[in-house]
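Okay, so here's the structure we're looking at.
Here, each number is a calculation from the coordinates, and none is a lab measurement. Predicted, not measured: the structure shown is a model, and the values here were computed from it. So basically every Cβ, Gly included, is an ideal-geometry build from the backbone, and we count neighbours across all protein chains shown.
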Amino acid sequence: MEKKKIDRREFLKVLGVGAAATTAAFYGCGKRGQGAATAAVGEVPTDKMTFRTTPATGDRVSLLGYGCMRWPLLETPAADGNPIDQEAVNELVDYAIAHGVNYFDTAPVYIQGFSEKSTGIALKRHPRDKFFVATKMSNFSNFTRENSLAMYRQSLADLQVDYLDYYLLHSVGGGKGVETFNERFIDNGVLDFLLREREAGRIRNLGWSFHGDQKVFDHLLAMHDRGEAVWDFVQIQMNYVDWKHASGRNVDAEYLYGELEKRGIPAVIMEPLLGGRLSRLNDHLVGRFKEQRPTQSAASWAFRFAGSYPGVLTVLSGMTYMEHLQDNIRTYSPLEELAPAEYELLEDTAQVMLKYPTVPCTECQYCMPCPYGLDIPAIFAHYNRCVNEGNVPKDQQDPAYREARRAFLVGYDRSVPKLRQASRCIGCDQCVSHCPQSIKIPRQLRRIDRFVEQLKQGTL
Amino acid sequence: MLRKIRIVAAVLFFVLITLLFLDFTGTLHAWFGWMAKIQFLPALLAVNVGVVLALVALTLLFGRVYCSVICPLGVMQDIASWFAGRRKKHRYRFSYSPALTWLRWTMLAVFVAAMLAGVGWLIAPYSAYGRIASNLFAPIYAWGNNGLAWVAERMDSYAFYPVDVWIKSLGVFLIAVVTFVGLAVLAWRSGRTWCNTVCPVGTLLGVLSRRSLFKPRFDVSKCNGCKLCARSCKASCIDPANHTIDYSRCVACMDCLESCRQGAITYTRRQPERASASRAESPRTDASRRRFFGVVGLFAYTALRAQEKKVDGGLAVIEEKKVPNRAVPILPPGAQNTRHFTAHCTSCQLCVSVCPNQVLRPSGRLSMLMKPEMSYERGYCRPECARCAEVCPTDAIRLTDFAEKSATQVGHAVWIADNCVVNTDGVNCDNCFRHCPAGAIRMVPRDPDDPKSPRIPAVNEERCIGCGACENLCPSRPFSAIYVEGHQRQRII
């Protein structure tokens with residue numbers, strides 16, 4: 001397990017004196033994506049990538065898509081507040097394109113709003129016809145037409161392109177369902193505007209990404225069926241856990257994918273790894289994969305699952321590290337489809353995972369920054385890691401109670417500075433609406449806080 | 001031989017007592033906590049008759065062995081002096097100086113007077129060393145530990161964890177620096193000057209050691225008058241011309257025995273004399289009521305501004321908490337009351353050093369300068385901890401068990417409406433309520449006539465124990481919306 005490179009306490013001190021309103025998230029930079037140790041060694045082919053073709057534009061899209069929300073970060077942000085390590089981004093993008101990856105997915109809100117800019121800089125160094133770029137209308141906090149259109153134009157400027165290959169209505173299904181969807185895209189005429197932009201060729205494919213309320217999903221597909229808005233693609237969360245066991249109010253991927261396939265709408269897959277959780281499985285589950293395919297990573301199973309469905313256009317992965325990029329390229333160069341028995345193994349893995357009391361956080365950072373200073377994803381990541389490593393004792397009779405207690409508490413202070421721990425959650429609920437996994441964040445934080453108190457007071 | 005025994009014992013005591021101040025895990029205290037409790041002034045204040053009598057007996061038997069072995073401040077000076085002696089041509093650098101008895105007794109009087117004024121602990125030896133150890137040595141130890149923790153983290157080991165290093169009180173830190181530098185320079189130049197002029201314990205034990213059974217004695221017939229003994233005597237108490245030793249200043253270090261090449265000095269029994277041990281009058285203190293006001297500056301508050309696009313990630317700035325202006329200082333649970341506490345505490349900083357929650361710090365108030373008081377900016381007094389009472393050598397902090405600690409009311413919480421985020425940010429918050437270990441806070445509607453109005457905390461002062469969980473975990477910054485006022489007299493609820 002990688003650890004962070006910085007001294008968090010030192011970091012806190014810097015924060016204390018700094019007057020910047022928001023600061024860098026060098027946080028979690030070591031923890032996002034997949035577990036590093038899982039990458040298999042071997043040749044990384046440059047010409048064997050599996051491609052899928054879109055019906056609408058005939059684009060030949062690589063099955064591996066690059067998610068641009070987990071770019072490597074600097075230890076201290078640049079003068080303009082940009083925390084992204086541009087040199088590392090350039091290197092990753094060059095490598096990806098050289099090995100066949102041609103789909104890059106970003107959004108105006110990613111990485112404190114700096115993702116588009118960095119992605120644009122990296123892509124600008126390649127011919128425009130060598131890549132497809134996708135970005136989104138992230139008008140979450142201000143629905144007005146002016147703000148929404150300004151956001152769209154800013155995306156073109158930041159990405160340094162004069163047309164967008166893929167444009168998405170970002171995260172429909174949240175908030176108050178259809179009502180929120182109408183407020184964001186219909187009542188203000190933003191959807192009409194985007195449809196016209198598609199006609200004008202500045203948007204080549206128009207679609208949407210989905211989290212949450214099934215009614216909204218059905219509503220948008222009904223629009224498609226009625227011809228009110230023809231969707232060129234839809235982005236859904238799909239992996240072997242969400243296939244039949246979606247958490248919170250999310251919808252099972254089996255249903256989402258089935259509805260899209262029926263209509264011949266290509267599916268773009270997000271969270272194929274559940275924010276890396278499917279690569280950081282506990283030893284027992286990893287062991288079962290290794291017995292089948294000793295040289296392949298746990299992550300490769302999740303990617304093969306997503307890629308084995310023919311209606312999938314591309315599978316997005318936020319790859320922070322070169323090793324992850326290489327591992328994923330290998331998995332899809334070319335794709336080796338899952339055998340029926342392997343589907344069963346993955347379904348069984350999902351069921352075992354559900355028995356663990358982990359928090360279904362994918363560390364997407366949408367909830368951040370918490371106005372009261374908590375580092376929510378880091379708290380969940382620590383807790384989940386301890387669950388998977390067996391460091392969450394049930395009671396004091398556990399044979400390894402003392403070691404587990406120490407590992408949990410010492411690791412907690414290392415992973416999350418004291419002032420950003422769960423005990424600081426005031427329950428204001430401002431984060432809840434931002435969570436695409438619809439985690440009841442304050443409730444989970446309180447559960448973890450109670451557990452920490454029990455460990456500290458010896459009352460477990 | 002005797003000298004070697006003395007050195008080994010002294011190093012052992014010195015290292016272990018120092019470790020008591022450095023070890024933040026509390027493991028050493030279980031084994032060696034008694035070393036702090038056999039220090040003379042702490043034992044006197046704890047009315048630990050057994051220890052005081054044992055030390056008196058020790059001195060009457062063997063002279064001021066206490067000063068050479070048990071007292072960490074004395075050993076620290078010996079170490080400084082030893083380094084000075086390592087220089088070329090400085091091994092035999094001392095010479096006899098006549099006793100300044102008038103100065104010693106004046107200093108003792110000054111000490112008693114200072115005690116009455118509440119600042120006597122400046123020159124009390126054990127507490128002076130405690131301040132040096134906790135302010136100067138402990139940070140170095142902690143940094144070393146943090147280095148190991150840094151390595152451990154990268155090796156996925158939980159053997160070490162990092163600890164906070166901070167100056168708990170600038171005043172006390174400066175006092176410790178001045179004491180350390182002053183003593184080191186004095187010892188470097190002239191050995192045990194401080195112990196034989198200023199130190200009140202030295203003066204008191206000197207009275208006893210004059211009459212001790214065993215002493216270094218001259219065999220005049222063997223002496224060839226080389227004066228090596230006087231030149232190696234760090235107490236400057238050997239008068240080689242007259243073959244006399246000022247036993248009130250002799251700290252029984254045995255250096256002279258080893259330096260004499262003629263074997264003219266031996267450590268032997270004296271001829272029985274009329275023994276009359278004079279008892280020292282125990283110093284008394286009184287609590288003064290003056291207060292030392294710290295000026296709290298106000299800094300600009302940087303708040304998060306709403307953005308046109310709510311971007312993902314990043315961390316909110318966390319402002320440091322500031323110490324509220326408490327009318328009465330909060331004493332650690334078990335301190336009983338201001339009078340008992342100020343009379344017994346030697347401000348040795350042992351509790352401050354071991355407090356794992358960063359709650360205790362030396363007070364800046366004149367009435368209890370350098371004595372520990374509690375504040376909750378960095379942590380709160382946790383229910384599973386009674387470390388301060390465990391280590392206190394003087395029983396200034398005394399608890400029988402955790403139950404007593406959790407039932408001791410050291411203060412009570414006060415809610416400040418203007419700071420509460422329910423009022424300032426318009427959000428729901430019940431963090432104080434949820435973390436109160438005493439169940440002293442309940443959430444009530446802000447508007448008594450409207451049960452649906454936002455809920456604010458209400459403190460039941462009778463149940464509140466003043467632990468500070470609410471104050472520490474309050475989201476309002478820099479000043480918490482709920483803070484603890486100390487009580488002069490603690491009580492069990």
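Could you go through region A:416-424 in sequence order and give the Karplus-derived ³J(HN,Hα) for each residue, using 6.51 cos²θ - 1.76 cosθ + 1.60 with θ = phi - 60°, rounded to whole Hz, and x for Gly and Pro?
9, x, 3, 6, 10, 8, 4, 5, 8
Over region B:60-173, what is the relative contact order in whole percent, taking alpha-carbon pairs under 8 Å and six or more residues apart?
18 percent
In debye to the nearest 20, how big a dipole does region B:338-492 give about its Cα centre with +1 on each Lys and Arg Cβ and -1 on each Asp and Glu Cβ?
360 debye
Given 0.36 nm per residue, what is the gain on full extension from B:L53 to B:L213 after removing their alpha carbon distance, in nm?
Full extension from B:L53 to B:L213 adds 56.0 nm.
Pop out the ³J(HN,Hα) list for region B:173-185 in order, Karplus 6.51 cos²θ - 1.76 cosθ + 1.60 with θ = phi - 60°, rounded to Hz; leave Gly and Pro as x.
Result, ordered by residue: 4, 5, 4, 5, 4, 4, 4, 5, 5, x, 5, 4, 5 Hz.
Any idea how far the Cα center of region B:39-70 sits from the one of region A:430-453, in Å?
Measuring centre to centre over Cα atoms gives 58 Å.
Where the centroid of each part is defined by its Cα atoms, how far is region A:369-395 from region B:154-204 in Å?
Between the Cα centre of region A:369-395 and that of region B:154-204, the gap is 40 Å.
Which shape class applies to region B:88-203: rounded if a/c is under 1.5, otherwise prolate when a/b exceeds b/c and oblate if not, where a ≥ b ≥ c are the square roots of the Cα gyration tensor eigenvalues?
Oblate.
Sequence neighbours fewer than 8 away in the same chain don't count; with that in mind, list the aspartates and glutamates whose C-alpha is under 12 Å from B:K322.
Hits, sequence-local ones excluded: B:E377, B:E471.
Please give the Cα centre distance for region B:422-493 versus region A:316-354, rounded to the nearest Å.
50 Å
For B:S259, B:S367, what's the fewest-to-most ordering of other Cβ within 10 Å of each Cβ?
B:S367, B:S259
Cα to Cα, under 16 Å, and not fewer than 8 places away if on the same chain: which lysines meet these conditions relative to A:K215?
Leaving aside lysines fewer than 8 places away in the same chain, those within reach of A:K215 are A:K176.
Run the quick spin-label model on A:I186 and B:L170: label points 7 Å from Cα toward the beta carbon, then report their separation in nm to one decimal.
In this crude spin-label approximation the distance works out to 6.3 nm.
Where a ≥ b ≥ c are the square roots of the eigenvalues of the C-alpha gyration tensor, would you call chain B rounded, which needs a/c under 1.5, or, failing that, prolate if a/b is larger than b/c, or oblate?
Cα axes put chain B in the prolate bin.
Only bridges with both residues in region A:32-355 count here: give the DSSP antiparallel percent, nearest 5.
In region A:32-355, approximately 15 percent of DSSP beta bridges are antiparallel ones.
What ³J(HN,Hα) values, in whole Hz, does the Karplus curve 6.51 cos²θ - 1.76 cosθ + 1.60 give for region A:306-321 when θ = phi - 60°, with x put for Gly and Pro?
Using θ = phi - 60°, the values come out as 5, x, 6, 8, x, x, 7, 7, 7, 10, 8, 9, x, 8, 7, 10 Hz.
Hey, which aspartates and glutamates would be in cross-link range of A:K130, C-alpha to C-alpha under 13 Å, not counting anything within fewer than 8 residues on its own chain?
A:D59, A:D94, A:D165
Counting only residues 5 or more places away or on other chains, whose amide H sits under 5 Å from the amide H of A:I84 once H atoms are built in the peptide plane?
Result for A:I84 returns A:L74, A:A78.
What is the magnitude of the charge dipole of region A:32-355 about its Cα centre, with +1 placed on the Cβ of each Lys and Arg, -1 on the Cβ of each Asp and Glu, and no other charges, expressed in debye to the nearest 20?
120 debye
From the cross-link list B:K89/B:K215; A:K355/B:K310; A:K290/A:K355; A:K394/A:K418; B:K405/B:K452, which pairs have alpha carbons spaced over 27 Å apart?
The pairs that break the limit, which is 27 Å between Cα atoms, are B:K89/B:K215; A:K355/B:K310; B:K405/B:K452.
Going 7 Å from the Cα of B:F83 in the Cα-to-Cβ direction, what parts of region B:152-189 have a backbone nitrogen less than 15 Å from that spot?
Residues B:177-189 fall inside that zone.
First check a/c for region A:32-355, with a ≥ b ≥ c the square roots of the eigenvalues of its C-alpha gyration tensor; if it is under 1.5, answer rounded, and if not, answer prolate when a/b is larger than b/c or oblate otherwise.
Cα axes put region A:32-355 in the oblate bin.
Test of understanding: ordering B:L122, B:L205, B:L108 by Cβ neighbours within 10 Å, fewest first, what list do you get?
B:L122, B:L108, B:L205
When a footprinting reagent is the concern and you count Cβ atoms within 10 Å, what order do B:M155, A:M368 take, fewest first?
With the fewest neighbours first, B:M155, A:M368 line up as B:M155, A:M368.
Name the chymotrypsin sites (Phe, Trp or Tyr not before Pro) in region A:209-257 that are in a loop by DSSP and that have at most 14 other C-beta atoms within 10 Å, would you?
When the chymotrypsin sites (Phe, Trp or Tyr not before Pro) of region A:209-257 are filtered for loop state and at most 14 Cβ neighbours within 10 Å, nothing remains.
At a 10 angstrom cut-off on C-beta neighbours, averaged per residue, how do the peptides B:313-319, A:388-394 rank from highest to lowest?
Peptide ranking by packing, descending: B:313-319, A:388-394.
Residues of A:359-371, mean number of Cβ from any other protein chain within 10 Å of their own Cβ, rounded to a whole number?
Across the residues of A:359-371, the mean count of other-chain Cβ atoms within 10 Å is 3.
Return the FRET efficiency for the residue pair A:Y356, A:E261: r is the Cβ-Cβ distance, R0 is 41 Å, and the value is rounded to the nearest 0.05.
0.85
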